[in-house]
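Structure first, commentary second.
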Amino acid sequence: MKISVKNVGNIKEANNININNLNLYIGKNGSGKTYFSKLIYFMNNLNYTMPVFLKLFKEKLSTSYQEEKSITFTIDDVDLFIQEFSYSIEKTFASKLGIDKFFFKNINIKLEIDEINVKDLKLKQDKKLDLDTYEMYMGFDFIRKILPSLDSFYLPAARANYMITYKYLIESQMNNYRLMSLKNKTNQKFDILPEIENIFLQNIYSVDTKKRGIYAKFAKAIEDELFQNGKLSIKNPKTQDVPTYEFKLNDSKKVLDLVGASSSVTEIAPLILYLRHIIMGYLDDCLFIDEPELSLHPSAQRILVDIIVRLVNSGLKVTLITHSPYIIEALNNNLLRYKIKDEKIPDNIKSITPLSCSLVSAYLFENNTIVDVLNKNEGLIDDKLIESFNDITKDYEVMRDIEYYKENTND
């Protein structure tokens, strides 16, 4: 799928942005990369796609069900769905972000989907299902033929704060609800956070530790390779009102409240939680990680990127929103490793997970637009195009030249 947008935050216009299995959004603060990533999140989430599908095709689905016949969607049906869905996102995007609609009043979205074979739009009837379930299953099949993912999960940049303060935030929300109940205003919004952040908060609060997703082994890999001496522990939510998150040290019986653990642990803990208990992995899922580099040493960023590459190779779609040059360089190592996979190489290079360029999209958010920085011929991210990331180095080089000139002049 490709998307073109106008007036999304600081992005005035950007065309033909390809949504791939691994998407890298690079840019300075305030460049619009987070707004854009949240837009893609909303467009690949059943909470927003399914209502549009059911609204448009309710009658068609009911007729098919009653007559016990297969249902066939046309290319016109697909175009109508894309048009209506894009329009619904345009109209609700600001409110979902908790921002005044004035800031996105001229937003424009245009989707270009991959070519679809009309035969693929003929969906078979299942007589064993009730009508509501039938409609949902038809929606799953229809949407997955059009959009990259059926369901998406977003780890916001402030995730560590939410992991530590979630009990107080939930209590504040409940107090808001009680207050509105007293005023008979329960139909009004009482959440204290924007939609994405609120969903993240609810996932922390209502985690079911009995559920285990298909990517749980990668949560273990993060603990083994990044933490080395500890793991995330969750006290059974059934024994108390809310779950308690702790960091358990492997070499002792010591357990730390998450607030007492290192900043790197609190930043990575949500990713472990999602991979182990939240993302089940059955719906062509996509995971968005805003600023994966937070509180991580450059060597830890490299390890995290390699684990993310393994996730992508296993089927999970991932979008990284970053301004870390270490993330970019680490990902280039994985891309280059793919190119030399058949060569005789030392063990330290063998340990790098290969990543095919065909699975990757990389974009620089700069100058009010979005620029493709993936060199298709080289199969690498063209870091030479990311000049803004080298400002510190440039200043250093200028001062070294001044110092050199001064020393040689004095002589």
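One table, with the values for the structure above:
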{"item": "Failed condition for Tyr245, given (1) of a type in the set (Ser, Thr, Tyr); (2) in contact with a helix residue (DSSP H, G or I) (Cβ under 6 Å, 6 or more places away or on another chain); (3) loosely packed, with under 14 Cβ neighbours inside 10 Å", "result": "(3)"}
{"item": "Count of residues meeting criterion [over 15 Å from the mean Cα position of the chain (by Cα) and either closer than 27 Å to Asn367 by Cβ or surrounded by 20 or more Cβ atoms within 10 Å (Cβ to Cβ) (or both)] in the stretch 41-60", "result": "4"}
{"item": "Matching residues, the stretch 122-153, being of a type outside the set (Lys, Arg), without any contact (Cβ under 8 Å) to a residue 60 or more places away in the chain and loosely packed, with under 12 Cβ neighbours inside 10 Å", "result": "Asp130, Asp132, Thr133"}
{"item": "Verdict on Ile71 being surrounded by 16 or more Cβ atoms within 10 Å (Cβ to Cβ), more than 26 Å from Asn7 (Cβ to Cβ) and either modelled with pLDDT under 90 or among the charged types (D, E, K, R) (or both)", "result": "yes"}
{"item": "Among residues of the stretch 211-231, those that are small (Gly, Ala, Ser), part of a helix (DSSP H, G or I) and within 16 Å of Ser264 (Cβ to Cβ), counted", "result": "2"}
{"item": "Criterion violated by Asn348 - all others in (1) free of Cβ contacts under 8 Å to residues at least 40 places away in the same chain; (2) more than 18 Å from Arg159 (Cβ to Cβ); (3) in contact with a strand residue (DSSP E or B) (Cβ under 8 Å, 6 or more places away or on another chain) satisfied", "result": "(3)"}
{"item": "Qualifying residue in the stretch 27-40 (condition: part of a loop (DSSP other than H, G, I, E, B), surrounded by fewer than 20 Cβ atoms within 10 Å (Cβ to Cβ) and touching a residue at least 40 places away in the same chain (Cβ under 8 Å))", "result": "yes"}
{"item": "Flag if Ile278 is surrounded by 14 or more Cβ atoms within 10 Å (Cβ to Cβ), within 29 Å of Ile370 (Cα to Cα), modelled with pLDDT of 90 or more and among the aliphatic types (A, V, I, L, M)", "result": "no"}
{"item": "Condition check for Ala158: modelled with pLDDT of 90 or more and over 28 Å from Met50 (Cα atoms)", "result": "yes"}
{"item": "Test result for Thr319, touching a Cys at 6+ places or on another chain (Cβ under 7 Å) and β-branched (Val, Ile, Thr)", "result": "yes"}
{"item": "Selected residue (only one of Glu90, Glu84 is charged (D, E, K, R), out of contact with any helix residue (DSSP H, G or I) (no Cβ under 6 Å at 6 or more places or on another chain) and either assigned to a helix (DSSP H, G or I) or crowded, with 18+ Cβ neighbours inside 10 Å (or both))", "result": "Glu90"}
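The values are calculated or read from the model by the stated rules, or taken from the named source; none is laboratory data. Predicted model only: the values in this text are computed from it and were never measured. Positions of Cβ are generated from backbone atoms using ideal geometry, with glycine treated the same way; all protein chains shown enter the neighbour counts.
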